[in-house]
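Trainee: I'd like to ask some things about the structure below.
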Amino acid sequence: MLKKIAFLALFCITGLARAEGGYETVSPAQPVQNPDKIEVIEFFWYGCPHCYSLEPSMVAWLKTKPANVEFIRQPAVFSDLWGKHAKAFFTAEALGIGEKVHADFFNVIQNKRQKLTSEDELAKFFADHGVKDADFRAAYNSFMVDAKMRQAETMAARYGITGVPAIIVNGKYRVTASTAKSQENMIAVTNQLIQQEAQAK
């Protein structure tokens, strides 16, 4: 019994140390898309003000990220509303304009207070970015977008994500504002984990 208590105490201390290091471990670790790269996934929601405030730091980081890093944006889906915004994200990806409209999605939802939840509202948004109505609707209702949505609905649970923004490094480590102690420190912790993973290869 004493051995069991000692083991549990050690387990708790180890978990605490990891949290103090700015991250938590993902259990079980998840496979990465490209084993030759260090995968960094950002879970977000366009309606999240914390994700919006982190965005400038993410944009700056992307300009200087190591060449061995594969970056993936992943909309989290915790409700029907989150799902509508995720579908907008995947539609933009399917149309090949994901990077072009990503910042505008945030701006319109966060600053202009537009909902962008219905197909017609999104059709207008995409039309303002040069996408024909028929092209938007074909992508929005495509099998590819539907498949991405079904996958997205299970992604957060796989990585132990309960809120956003959250960053996953190489399928093994979860970084949040809580574990990193601040949003500002999330990028620093992510960089440390990238370096750690690079040295382990």
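Trainee: What are the pairs with Cβ atoms under 9 angstrom where one residue, in region 25-44, is among the hydroxyl-bearing types (Ser, Thr, Tyr) and the other, located anywhere, is outside any loop (DSSP other than H, G, I, E, B)? Sequence gap at least six, or different chains.
Mentor: Close Cβ pairs (under 9 Å, with a partner that is outside any loop (DSSP other than H, G, I, E, B)) amount to Thr25/Gly15; Thr25/Arg18; Thr25/Tyr173; Thr25/Arg174.
Trainee: Take Gln183 and decide whether it is within 21 Å of Cys51 (Cα to Cα) and at pLDDT 95 or above.
Mentor: Here the answer is no, as Gln183 does not meet what is asked.
Trainee: Shifting gears a bit: Are there any pairs with C-beta distances below 8 angstrom linking a residue in region 60-83 that is open to solvent by less than 60 Å² (accessible area, probe 1.4 Å) to a residue that is of a type in the set (Phe, Trp, Tyr) and assigned to a helix (DSSP H, G or I), with the two at least 6 apart or on different chains, and if so which?
Mentor: Arg73/Phe89; Pro75/Trp82; Pro75/Phe89; Pro75/Phe90; Ala76/Trp82
Trainee: Among the residues of region 124-142, are any assigned to a loop (DSSP other than H, G, I, E, B), of a type in the set (Val, Ile, Thr) and surrounded by fewer than 18 Cβ atoms within 10 Å (Cβ to Cβ)?
Mentor: To start, the set of residues in region 124-142 that are assigned to a loop (DSSP other than H, G, I, E, B) comprises 128-132, 141-142.
Okay, now just the ones that are also of a type in the set (Val, Ile, Thr), so 131.
Subsequent filtering for residues that are surrounded by fewer than 18 Cβ atoms within 10 Å (Cβ to Cβ) retains none.
For region 124-142, residues assigned to a loop (DSSP other than H, G, I, E, B), of a type in the set (Val, Ile, Thr) and surrounded by fewer than 18 Cβ atoms within 10 Å (Cβ to Cβ): absent.
Trainee: Give the residues of region 105-120 that are assigned to a helix (DSSP H, G or I) and either farther than 16 Å from Lys84 by Cα or free of Cβ contacts under 8 Å to residues at least 12 places away in the same chain (or both), sorted by residue number.
Mentor: The answer is Asn107, Asp120.
Trainee: Do you know which residues across region 47-78 are in a loop (DSSP other than H, G, I, E, B) and closer than 12 Å to Val164 by Cβ? Show your work before the answer.
Mentor: Step one: list which residues in region 47-78 are in a loop (DSSP other than H, G, I, E, B), which gives 47-48, 65-68, 76-78.
Answer for region 47-78, where residues must be in a loop (DSSP other than H, G, I, E, B) and closer than 12 Å to Val164 by Cβ: Gly47, Cys48, Ala76, Val77, Phe78.
The values are calculated or read from the model by the stated rules, or taken from the named source; none is laboratory data. Predicted model, so just to flag it, every value in this text is computed and none were measured. Note that we place each Cβ from the backbone using ideal geometry, even for glycine, and neighbour counts take in every protein chain shown. What goes into the accessible areas is simple: the full protein's heavy atoms, side chains included, and nothing from ligands, DNA or RNA. Shrake-Rupley method; radii C 1.70, N 1.55, O 1.52, S 1.80 Å.
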